[in-house]
Amino acid sequence: MPYKISSEKRAYNKLYHNNRNNNTRIDILTHYGNGILACVACGENQLPCLSIDHIKGKGTQHRHQTGIPKGGVNFYRWLQKQGYPEGYQTLCMNCQYIKRDLAKEYGNIPKEDN
């Protein structure tokens, strides 16, 4: 017989994990934002807009090498467990896409000049 969890317990668990994930995200983004929860390039400070950027690029390849299945909170927890390694910065998604376009970094497929 499957284990049943009450709806109250389920709601509590969801809230607990959402808060934990949000706190982890804020911690990482603040650390890599030089102590400020903001994009290091333009100063954008809305949490939904911010993400971690691999300064030297090749983030997808790095996640595959380390065995991290996806980005997001899994990657943020990995950064914490590694002791906040160097080579990362907080960027907003606009600055991240601009950087990616200027570097012609599109996953594993280089963009050809038109």
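Counting the residues of the range 72-103 that are assigned to a helix (DSSP H, G or I) and over 17 Å from GLN61 (Cβ atoms) gives 12. Taking the conditions (1) loosely packed, with under 13 Cβ neighbours inside 10 Å; (2) at pLDDT below 90 in turn, PRO48 satisfies each one other than (2). Within the set ASN114, ASN108, the sole residue that is at pLDDT below 85, in contact with a Ser or Thr (Cβ under 8 Å, 6 or more places away or on another chain), surrounded by fewer than 17 Cβ atoms within 10 Å (Cβ to Cβ) and on the phi < 0 side of the Ramachandran plot turns out to be ASN108. The condition (being among the β-branched types (Val, Ile, Thr), within 17 Å of the chain's Cα centre (by Cα) and part of a loop (DSSP other than H, G, I, E, B)) is satisfied by just one residue among ILE52, ILE36: ILE36. Checking the stated criteria, TYR12 turns out not to satisfy the condition of being in a helix (DSSP H, G or I), free of Cβ contacts under 8 Å to residues at least 60 places away in the same chain, loosely packed, with under 12 Cβ neighbours inside 10 Å and aromatic (Phe, Trp, Tyr). Of all residues in the range 61-80, those satisfying the criterion of being more than 9 Å from ILE28 (Cβ to Cβ) and basic (Lys, Arg) are ARG63, LYS70.
The values are calculated or read from the model by the stated rules, or taken from the named source; none is laboratory data. These numbers come from a predicted model, not from an experiment. We place every Cβ from the backbone using ideal geometry, glycine too, and count neighbours over all the protein chains shown.
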